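Some notes on the structure that comes next.
Readers should treat all values here as calculations from the given coordinates under stated rules, not as data from a laboratory. Computed from a predicted model, the values in this text were never measured in an experiment. We place every Cβ from the backbone using ideal geometry, glycine too, and count neighbours over all the protein chains shown.
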Amino acid sequence: MQVHLVRFGVFIVMLSMVACTAPAPLTNPQGTPLPPVPTLDGTQVNRGRQVYQANCGSCHGAKAEGAPNWKKPDAQGNYPPPPHDDSGHTWHHSDRVLYEIMRDGFRDPLRPDAPLNMPAFGSKLSDADLRAVIVYFKSLWSREHREFQWERIVEDFSP
C-alpha cells in the first residue's frame, strides 16, 4: 500500500512538472490558435545587425542596450534612446509600429509641435533594411518576448 502511494505521489509530481513546463499554445483574442512564431533568418539577422550598427548604434548602443539612464527624461522632457534588447520595451510593439517609427521618426505624442525625438530613416534606408533591423531586434529577445510580440503582429492583421 505504501509503495503504491509513493508511486502515485511521484506520478503526480512528474505530471505537474510536465504541465508546468509545457508551453500553452498561443491564441488570438478570439481564442483561436495562432500560427507558430516564425524562425529568424540568419541572413536577415546579420543584415539587420550591420544596418543597425551603421545607423542606430551611436544612439541606441552598440549592442542595442540603449542610452544610459534611458528611463529618465532630460530637461526638455525627452527620453534618451531606449534599448532594443530584452531590457527595453521594443518587443511590446508590432512590426508595423516599429517599422513606422524607424521610417517616419518619433516625437512625443503629447507634444505634437516638438521636434522628432528619433530621426526618420525612411529616406536613407530601404524597406528591406528597415525590416532587417526589426529581425535583428528579435534575435536579441527571449522566447517569451518574441511570443508576446508575435501576438501584437497577429492583432495588427485581425479584423
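Positive contributions from Lys and Arg (+1) and negative ones from Asp and Glu (-1), summed over other residues with Cβ under 15 Å from the Cβ of PHE148, come out at -4. Ranked by the mean number of other Cβ atoms within 10 Å of their residues, highest first, the peptides 111-122, 75-86 fall in the order 75-86, 111-122.
Packing, taken as the mean count of other beta carbons within 10 Å per residue, orders the peptides 128-135, 149-156 from highest to lowest as 128-135, 149-156.
If you count, for each residue, the other Cβ atoms within 10 Å and average over each peptide, how do 34-40, 90-96 line up from highest to lowest?
My ranking of the peptides, most packed first, is 90-96, 34-40.
Compute the Cα gyration tensor for region 29-156, then decide on rounded, prolate or oblate, letting a ≥ b ≥ c be the square roots of its eigenvalues: rounded whenever a/c is under 1.5, prolate when a/b is larger than b/c in the other cases, and oblate in all that remain. It comes out prolate by the Cα gyration axes.
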